[in-house]
Amino acid sequence: VFLVNVFSSSPPGMPRKRKERQRQECPSECVGCGDAATGYNYEAPSCNACKTFFRRTVLKGQEYSTCLKDGACSKNKSLNPCRACRLERCIEAGMNPFLIITLEDPDSNPVVQRALRRGICEDPSPSTSTASSSSLQISPSIKMTMSPNVIECSFDRIISELLHLEDALQALRINPKVDPRPHEYRLNTLLPNRSMLSLTSEHLNDPPCDPTIKPVDKGPPMPFRHPNAKKNWPFADLVFSIEYMKTFTFFSDLKIEDQKALCRHVSIMCSHLTLAFTSFEKKSCISLTPDGNMPHNGFVPEDRVHERRLHHGIIHLLWELEMDTTEYVLIKAIIVCNPAIEGLSLSHKSELEKEQIKYSKALLSYVITKRGHKEGPIAYTGMMSLIRFLTDIMKNHKNWHVLRQAMLYVPGQPVNPSLYDDIYDF
């Protein structure tokens with residue numbers, strides 16, 4: 001098994017054609033359409049819409065060769081470009097199709113070949129075929145066929161985006177004025193709106209700016225409360241986890257019913273992991289909210305088995321794994337991209353599987369780089385066990401909610417459903 005340090009400098013003999021950009025701040029203008037850019041996507045400053053357009057065009061191998069406006073797009077840059085001119089601008093500005101993780105068969109892809117002919121990007125395939133670069137086997141079920149310099153760049157970008165996204169999530173959690181309450185939100189109202197994480201993304205200074213977070217000047221305003229109001233943390237973290245999920249590019253491609261199915265299965269797991277890891281970072285052995293509250297005054301009785309597993313057990317596993325922030329954000333991304341959910345359409349299952357494999361590759365390579373060839377795979381297996389532990393807690397949570405609702409039910413009285421009912425309805 002040949003393993004590569006994907007976070008080291010690019011190997012000699014495989015130089016990059018264009019210099020690495022110094023991204024100390026967000027770019028201002030998208031190269032594809034001229035709108036506000038949200039970050040560097042595939043090595044070019046662009047908005048989320050043009051990032052998605054370029055990715056879909058490359059994956060479909062769709063060529064747009066003729067301007068639909070008789071050349072007006074190139075003459076007047078203020079016009080909204082047609083698809084042909086939009087693609088031309090993306091390629092000319094340096095969008096690199098080889099950074100699309102799920103790219104298959106680039107030799108027969110007309111968009112990739114067009115970029116290569118222009119000299120915009122380099123073919124990452126090595127000039128000579130060797131076992132160490134042409135087929136990188138890191139796991140019986142995860143194989144990498146990209147060369148080391150492309151793997152390095154791709155994984156580095158994946159991790160950077162997830163870390164930036166986590167910063168936005170934590171900024172939202174500690175904002176004292178953002179306080180979602182039960183019966184104010186349902187899945188039908190949460191899912192169509194832009195992510196609340198955009199409320200905090202403009203205050204983050206660490207590059208790269210997350211391309212999945214939309215501009216803050218659009219969409220309905222968030223309801224604000226008095227700064228001294230005490231948050232309902234289980235519910236708030238549930239809402240914030242759904243908002244976190246909505247920032248993933250693939251999520252907007254799902255049908256609304258598939259979005260609901262995904263939220264029902266993984267949002268609770270994400271909220272539990274978020275609370276556990278932030279408590280672990282503060283060196284607490286029990287769940288600790290941002291405002292300093294702990295369940296049962298700091299110790300859950302031993303006879304409350306489910307609560308002990310939730311408030312002590314997850315953190316205990318994090319201590320055993322000695323998990324760092326990068327491993328945590330990758331694990332959470334793997335949880336979000338769960339293709340094994342009943343009710344998902346086959347096409348969306350395939351897309352989620354590709355996304356999950358992408359994050360799994362990044363995690364396995366990272367832990368091997370950090371922990372070594374011997375301890376890395378063991379740590380990776382332990383992290384997969386953590387996901388199973390979270391799944392078990394989530395199922396127990398569902399059973400507890402159903403039992404509680406049955407005990408509170410009074411015949412003849414109207415039922416006021418909440419987001420909890422939407423989440424546990426599976």
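The values are calculated or read from the model by the stated rules, or taken from the named source; none is laboratory data. Worth saying up front: this structure is predicted, and the values here are computed from it rather than measured. Positions of Cβ are generated from backbone atoms using ideal geometry, with glycine treated the same way; all protein chains shown enter the neighbour counts. Accessible surface is based on the protein model in full, side chains and every heavy atom, while ligands, DNA and RNA are left aside. Shrake-Rupley method; radii C 1.70, N 1.55, O 1.52, S 1.80 Å.
Computed values, structure above
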read-out: Candidate set: the stretch 286-310, residues that are open to solvent by 70 Å² or more (accessible area, probe 1.4 Å) and assigned to a loop (DSSP other than H, G, I, E, B); chosen: the one modelled with the lowest pLDDT; value: 299
read-out: Inter-residue pairs, beta-carbon under 6 Å, first within 13 Å of residue 57 (Cβ to Cβ) and in the stretch 75-88, second crowded, with 17+ Cβ neighbours inside 10 Å and of a type in the set (Val, Ile, Thr), 6+ apart; value: 87/57
read-out: Tally of residues being without any contact (Cβ under 8 Å) to a residue 24 or more places away in the chain and under 18 Å from residue 240 (Cβ atoms) across the stretch 293-315; value: 0
read-out: Residue 152 being among the acidic types (Asp, Glu), open to solvent by 20 Å² or more (accessible area, probe 1.4 Å), within 27 Å of residue 368 (Cβ to Cβ) and modelled with pLDDT of 85 or more; value: no
read-out: Subset of the stretch 354-370 (residues that are at pLDDT below 90, open to solvent by 40 Å² or more (accessible area, probe 1.4 Å) and touching a Pro at 6+ places or on another chain (Cβ under 9 Å)); value: 354
read-out: Enumerated helices (runs of 4 or more DSSP H) restricted to the stretch 51-120, each holding at least 3 residues that are open to solvent by less than 60 Å² (accessible area, probe 1.4 Å); value: 83-93, 110-118
read-out: Selection within the stretch 321-348 - among the aliphatic types (A, V, I, L, M) and buried (at least 16 other Cβ atoms within 10 Å of the Cβ); value: 321, 323, 329, 330, 331, 333, 334, 335, 336, 341, 344
read-out: Residue that is modelled with the lowest pLDDT, among those in the stretch 12-45 that are out of contact with any helix residue (DSSP H, G or I) (no Cβ under 7 Å at 6 or more places or on another chain) and open to solvent by less than 30 Å² (accessible area, probe 1.4 Å); value: 27
read-out: Residue pairs meeting the criteria (Cβ under 6 Å; at least 6 apart or on separate chains; first closer than 17 Å to residue 347 by Cβ, in the stretch 235-254; second surrounded by fewer than 24 Cβ atoms within 10 Å (Cβ to Cβ) and of a type outside the set (A, V, I, L, M)); value: 250/351; 250/355; 254/348
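Listed here are the residues, each with its yes/no results for (1) at pLDDT below 90; (2) of a type in the set (Phe, Trp, Tyr); (3) at negative phi; (4) buried (at least 22 other Cβ atoms within 10 Å of the Cβ).
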residue: 206; (1), (2), (3), (4): yes, no, yes, no
residue: 216; (1), (2), (3), (4): yes, no, yes, no
residue: 221; (1), (2), (3), (4): yes, no, yes, no
residue: 242; (1), (2), (3), (4): no, no, yes, yes
residue: 253; (1), (2), (3), (4): yes, no, yes, no
residue: 270; (1), (2), (3), (4): no, no, yes, yes
residue: 281; (1), (2), (3), (4): no, no, yes, no
residue: 284; (1), (2), (3), (4): no, no, yes, no
